[in-house]
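Take a look at the structure set out below.
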Amino acid sequence: KELEIITDISWRGHSDTEILLAAIEEWGVEKTLPKLVGMFAFALWDSKDEILYLARDRMGEKPLYYGINNKILFFGSEVKAFQYHPEWKGQINQNALGLLLQYGYIPAPFSIYQNIFKLIPGTFLKIANNEGWLTKNELPETISYWSFLDIVKQSRTNPLSDDPEEIVAELERLLTQSVTSQMVADVPLGTFLSGGIDSSLVTAIMQANSSFPVKTFSIGFYEKKFNEAIYAKAVAEHLGTEHTELYLTPNETLKIIPELPNIYDEPLADTSQIATFLVSRLAQKDVKVSLSGDGGDELFCGYTRYIKDTQRWSHINKLSPKLRSAISLFLQKTPYSLFDLLLLWTRPIRPCDGKQGSYASALVKFGKELQCKDFVQFYNFRLSQWSETTNVVLHSQKISPIGQMITTNTDDIVKLYEFMMAFDTLQYLPDDILVKVDRAAMATSLETRVPLLDHRLVEFACKIPLSIKTYKGQAKWPLKKLLYKFVPKSLVDRPKMGFTPPIGAWLRGPLREWCEEMLDSQSLNEDGYFATPLIRKKWAEHLAGKHNWQYPLWCVLMFQAWLKHNKL
């Protein structure tokens, strides 16, 4: 509309690409980027000035890789595309492999390959042909056109009022605007519905603005404690959507696992990736575009770890450094066998129904938490699957991903919450959650859209005081309050679950043979990336039920499967 006002333009069609090119022709790349709304990643060659532009959307919904390899500039939306270039010489970045083992994903700006990078969300790269970048074997610095950290800083000095009703009303306006704009499509449309707050709210607003039943899709598990499908079905019935569900079995999972390295061209170790692919494949049979509820936890303080980790650190921080050191040393030096014996003796009086191995693992982990010097180190450790990755990944060093841009040197509760939400929004959201959903959906020819990540809604969420986000002790209170308008409280106020399968039991059961193949000692030694004895020790302890090492092992398994698939 803005283009039509200032120029006499005649459109050939209705595509986003045509509008983007017209905008760039009118304003240039650098002035166009701040005007864009939604997801994108593009490369544009300015033939007149001989400049290559690479740009990525604000929240990192779409991928863009780039780098110099063998004195050739590579760029693309998929890193596996580089393998088809005759001069490609891809070498594993073992430092980035350490990040994979730490977080279960590889954070920006790094990738699994040496000298190949992810373009950081909200930035662009401007490469002039006459500046000799390839000759120097380096590239210019990325340029930011929108910064989430800047938005957070600005919000601290200009927060919203603490009127809950006003905030919920504005939230409804912005989210309705985002959902309805993303409902515009010339192909069938639907939503992923887990039954949780975020997906239920997106679905509810979508249904309220649709003249026909919205198509909704969900995955279920036969293991009751992992099954959220029953809640999704109840929400769907209340809203009147056309609901489809698929219950997942271990055998179906086993069939999908060999496909994962092809779906994810970088190794990703998020166990919910299996269900995400299957729900995408399920949806693709009926629709071509699906909306999702991702982003609500990071923006509205939804993860239970935000409360638990803040409380945990508060207790740890009350202990003197000497006492922390002494307890840590004791827990680190005590043999697992002694823990096992102690826990066996105290089983009748323990107030928890967890397995013996989970207690021993928790005590050892607690010993390491006591060594953390500050909350930043503590939170990173709490997020880590393998804490000492340089001992596991051969010839590797610690490197700092995008999340390390955020620091906090205070124990103020509000600032600790802000730190965790900012860390997850900058790193976990784009490099795990959005990667998981985007690649799984694209592998089935399904397009996904994320209404909660409209940058206007993101900027609004950053201004909401923490006291409102956690009003009356409830996480994501504004989203909950708005959802009450569409769905009964009985369907909203329940524990968070998600798409995570019971992978620990499956590794010991139906997936064991596959695991044995991936974790074979000879194979690990020949590949030469891991300290084989450490991997085999964890696998043996997991099989014996002494410890639940499902997540650390899944990181290794996903890399090994990816490595074999790519024949590296």
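The values are calculated or read from the model by the stated rules, or taken from the named source; none is laboratory data. What you see is a predicted model; the values in this text were computed from it and never measured. With ideal geometry, Cβ positions are generated from the backbone for all residues, glycine too; neighbour counts draw on all protein chains shown.
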Being closer than 20 Å to Val37 by Cβ and either touching a strand residue (DSSP E or B) at 6+ places or on another chain (Cβ under 8 Å) or modelled with pLDDT under 95 (or both) is the filter here, so list the residues in the range 163-186 that pass it.
Val179, Gln182, Met183, Val184, Ala185, Asp186
Within the range 164-204, can you find the residues that are part of a helix (DSSP H, G or I) and among the aliphatic types (A, V, I, L, M)?
Ile167, Val168, Ala169, Leu171, Leu174, Leu175, Val179, Ile197, Leu201, Val202, Ala204
Glu172: surrounded by fewer than 17 Cβ atoms within 10 Å (Cβ to Cβ) and farther than 22 Å from Ile464 by Cβ, yes or no?
no
Taking the conditions exactly as written (free of Cβ contacts under 8 Å to residues at least 12 places away in the same chain and either under 26 Å from Ile51 (Cβ atoms) or of a type outside the set (Asp, Glu) (or both)), does Glu141 satisfy them or not?
yes
Any chance the range 206-223 includes a residue that's at pLDDT 95 or above, within 20 Å of Leu299 (Cβ to Cβ) and in a strand (DSSP E or B)?
no
Got a sec? Which strands (runs of 3 or more DSSP E) wholly within the range 13-131 have at least 1 residues that are more than 29 Å from the chain's Cα centre (by Cα) and without any contact (Cβ under 8 Å) to a residue 40 or more places away in the chain?
41-46
Mind telling me which of the residues Pro495, Pro502, Pro552 ends up being under 23 Å from the mean Cα position of the chain (by Cα) and under 30 Å from Ser467 (Cα atoms)?
Pro495
Condition first: among the acidic types (Asp, Glu) and under 26 Å from Asn115 (Cα atoms). Now tell me which residues in the range 129-184 satisfy that.
Glu131, Glu138, Glu141
How many residues are touching a Ser or Thr at 6+ places or on another chain (Cβ under 8 Å), within 18 Å of Leu193 (Cα to Cα) and hydrophobic (A, V, I, L, M, F, W, C) when one looks only at the range 443-455?
3
Can you pull out every residue in the range 144-153 that is touching a residue at least 40 places away in the same chain (Cβ under 8 Å) and assigned to a helix (DSSP H, G or I)?
Phe148, Leu149, Ile151, Val152
Pick from Lys71, Lys48: which is farther than 28 Å from Thr180 by Cα and out of contact with any helix residue (DSSP H, G or I) (no Cβ under 9 Å at 6 or more places or on another chain)?
Lys48
Filter result (among the charged types (D, E, K, R) and surrounded by fewer than 23 Cβ atoms within 10 Å (Cβ to Cβ)) within the range 58-100
Lys62, Lys71, Glu78, Lys80, Glu87, Lys89
Which residue out of Val179, Val202, Val187 is exposed (fewer than 13 other Cβ atoms within 10 Å of the Cβ) and among the β-branched types (Val, Ile, Thr)?
Val187
Filter the range 551-565 for residues that are buried (at least 18 other Cβ atoms within 10 Å of the Cβ) and of a type outside the set (A, V, I, L, M); which is farthest from Leu260 (Cα to Cα)?
Pro552
Might you let me know whether the range 483-498 holds any residue that is more than 22 Å from Ser292 (Cβ to Cβ) and either touching a strand residue (DSSP E or B) at 6+ places or on another chain (Cβ under 6 Å) or surrounded by 14 or more Cβ atoms within 10 Å (Cβ to Cβ) (or both)?
no
Of all residues in the range 254-273 being more than 21 Å from Val79 (Cβ to Cβ) and more than 21 Å from the chain's Cα centre (by Cα), the one that is surrounded by the most Cβ atoms within 10 Å (Cβ to Cβ)
Leu254
Take Ile433 and decide whether it is over 23 Å from the mean Cα position of the chain (by Cα), in contact (Cβ under 8 Å) with a residue 60 or more places away in the chain and part of a helix (DSSP H, G or I).
no
Test set (1) of a type in the set (Gly, Ala, Ser); (2) within 30 Å of Trp88 (Cα to Cα); (3) surrounded by 14 or more Cβ atoms within 10 Å (Cβ to Cβ); (4) more than 21 Å from the chain's Cα centre (by Cα) - Gly528 fails condition number:
(3)
Filtering the range 362-421 down to residues that are among the polar types (S, T, N, Q) and in a loop (DSSP other than H, G, I, E, B) yields Gln371, Ser384, Gln385, Ser387, Ser396, Gln397, Ser400, Thr407, Thr408, Asn409, Thr410
Of those in the range 96-145 that are touching a Leu at 6+ places or on another chain (Cβ under 8 Å) and among the hydroxyl-bearing types (Ser, Thr, Tyr), the residue farthest from Leu553 (Cα to Cα) is Tyr145
Conditions: (1) crowded, with 20+ Cβ neighbours inside 10 Å; (2) in contact with a strand residue (DSSP E or B) (Cβ under 9 Å, 6 or more places away or on another chain). Tyr103 meets all but one. Number of the miss?
(2)
Tyr303 is checked against (1) hydroxyl-bearing (Ser, Thr, Tyr); (2) touching a residue at least 60 places away in the same chain (Cβ under 8 Å); (3) out of contact with any Asp or Glu (no Cβ under 9 Å at 6 or more places or on another chain) and fails just one. What number does that condition carry?
(3)
Scan the range 258-287 and report the pairs whose first residue is within 19 Å of Leu246 (Cα to Cα) and whose second residue is assigned to a helix (DSSP H, G or I) and among the hydroxyl-bearing types (Ser, Thr, Tyr), with Cβ atoms within less than 7 Å and a gap of 6+ or a chain change.
Ile274/Thr253
